[in-house]
Structures are given as C-alpha cells and as structure tokens.
Amino acid sequence: MRYIVSNVYNGLNLRASPSESGTILGTMPFATVCDLIEDTGTKWKKVRAPLNGSATIGFASDRYLTEAKSDAIVRLMTSVMHYWTLFDRGGGREGVQPFKDEVLKMWDELGGGRPPDNDTSHRDWPWSAAGMCAFIRRAGGYTAFKFAAGHSVYIHDSIVKMKANRAAPFWGFRITEKKPEVGDLIAQWRVRHQTYDTAAASDGFKSHTDVVCQVLEDSVRAIGANVPTDTVDVKVYRLTPTGFLAGSRNEIAIMKNMAQ
C-alpha cells in the first residue's frame, strides 16, 4: 500500500520511533509518496520514504498520510507540487520572469495561440484553465481529458460522462453527493451564477477548477493556477460538519478522479 503526504504547507516528519519524541530522520514534503511497511494499529505507520536521495524507513503520523487510491492521483499530486514549486509556492507572479515564460509555455502546450503581445496579464486571456491543463498533461494518463482554454469544457464533460456512466478521467457530481478527496477537482462558477444543472447543459460559461490536495476536519486545501489572481497557489474551501463542500466559494461540482 502507498500513501501520499498531504500536509500542503509543512510536510510530515519521518521519525526513528513511533512517538512525538522520536528522532526526526527528515521531513517528507507535500506529495511525497511512501510505501507502507507496517500498520502499527496506532496513529503511527511504519513507512519507506525517499529522503536525501535514498529510501529511508521510519514512522509517520497518519494524520497527514492519504492512501494513494490510484497511480493517476499520485502522478497528479506530483505534477501539482512541480508547478507550485515552480511558481515559488505562490510567490511567482505571472508578469515577472521566469514565471511569465512558464505561463506562455502553458499557452503553447494548450495550442490556440498566445495572448496579444505575450501579455500574460491580459484581462481577456486568464490562464487558470491553461494551468490546470498543464497540471493534467504533466501527470500523464488522463485519457480523454478535454484540454481547453476554459474550465467549463471539462466541467461539463465530467457531468455528462457521469450521467451516461461512460469512462472519463473525472466524473462530475453535485457537491451534496460526494465528499472531496485528494486528487479530485473542485469546480466553481465565476462572474455569472451557474448551477450544477446549467453546467450539465452547457460547456460555455466562466468558471474555475482547483485540485484537492489536503482534506482537514472543516476545510479543504486545493491548488490551482492564476490564483488568487496571478500565480499557482493554495485556496481554502469550507466543509460542512458532515464533510461535504459548503458551497461558500461558488462551488457547483466535485469532479471525482476516476483515472488510473
């Protein structure tokens, strides 16, 4: 069994013994993949993790270990970590080098041209969907994903495919139907109010998506592109007491990760 470190900001300490006082062998950053060696039956799991270029065995608290349900989720988390790091964990701005070139590369990979004068801050060329497509493309294996300059294209597709019970990398559900898990996408409307039903009927509305990276007791931390306005960074979504998205940030769907 494999686990992903899902503590976005601080990672997770690997210790020599199953105790808070155990010697720290190193810190596993967010998105580190480790193999289960032994489930101790307590909050501590004995795992093998890549530290300092070699496999290290130690104990880690299961609070920030999330079971890797598929290779695709592991690859997506690795991709998200790559881009978050590339953009200096939210410190790299779209119009400043070398981050500007990274945004332009996203547009080039997507196809369909670049913003006028290579202006990565152009109001008519928001790059959040181009960024999400870069996340998915780098992860690899997301067969039939609808790469597009607008999130609504793949939001709509995920709902249509779920309703038709057809294979797809993501299935779109109402936020009251499924709880968010690491590797899922959260779909939001922007500018003009939309609902799950209007998203099911159309693929041409202003929208946004973020990747769920950490699920806490009362909230979710998710990473997306062009957030809060011009970088790759973390957003927080509130959860209901029963663990569903609260809908406080215009959420219209939870796109469950179905890829392998």
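Extension gain for residue 164-residue 42 works out to 39.7 nm (0.36 nm per residue, less the C-alpha to C-alpha distance).
Between residue 201 and residue 249, the FRET efficiency from the beta-carbon distance, with R0 = 25 Å, is close to 0.65. Sorted on the mean count of surrounding Cβ atoms within 10 Å across their residues, most packed first, peptides 51-64, 111-124, 80-93 read 80-93, 51-64, 111-124.
Of interest is the spacing of the C-alpha centroids, which for the stretch 18-35 and the stretch 131-203 amounts to 34 Å. Full extension of the chain between residue 62 and residue 118 gives 15.6 nm of extra length, using 0.36 nm per residue less the Cα-Cα distance. Every helix of 4 or more DSSP H residues in the chain counts as -39500 (n - 2.57), and over all residues that averages to -7000 deg cm²/dmol at 222 nm.
Taking 24 Å as the limit for the C-alpha separation, the pairs 161/235; 45/256; 146/178; 45/69; 105/178 exceed it in the case of 161/235; 45/256; 105/178. According to the square roots a ≥ b ≥ c of the eigenvalues of the Cα gyration tensor, what is the shape class of the stretch 2-67, taking rounded for a/c under 1.5, prolate for a/b larger than b/c otherwise, and oblate for the remainder? Here the stretch 2-67 falls in the rounded category. Summing charges over neighbours of residue 250, with a neighbour being any other residue whose Cβ is under 13 Å away from its Cβ, gives +4 when K and R count +1 and D and E count -1.
Restricting the trypsin sites (Lys or Arg not before Pro) of the stretch 163-196 to loop positions (DSSP other than H, G, I, E, B) with no more than 11 neighbouring Cβ atoms within 10 Å leaves 166, 192. Using the Cβ-Cβ distance between residue 16 and residue 242 with R0 set to 41 Å, the FRET efficiency from 1/(1 + (r/R0)^6) comes to roughly 0.60. In this simple spin-label model, placing a label point 7 Å from the Cα along the Cα-to-Cβ direction at both residue 101 and residue 192 gives a separation of 3.9 nm. Between the alpha-carbon centres of the stretch 220-251 and the stretch 56-130 there is a gap of 16 Å.
The numbers here are math on the coordinates, done by the rules we state, and not lab data. Since the model is a prediction, treat every value here as computed from it, not as a measurement. With ideal geometry, Cβ positions are generated from the backbone for all residues, glycine too; neighbour counts draw on all protein chains shown.
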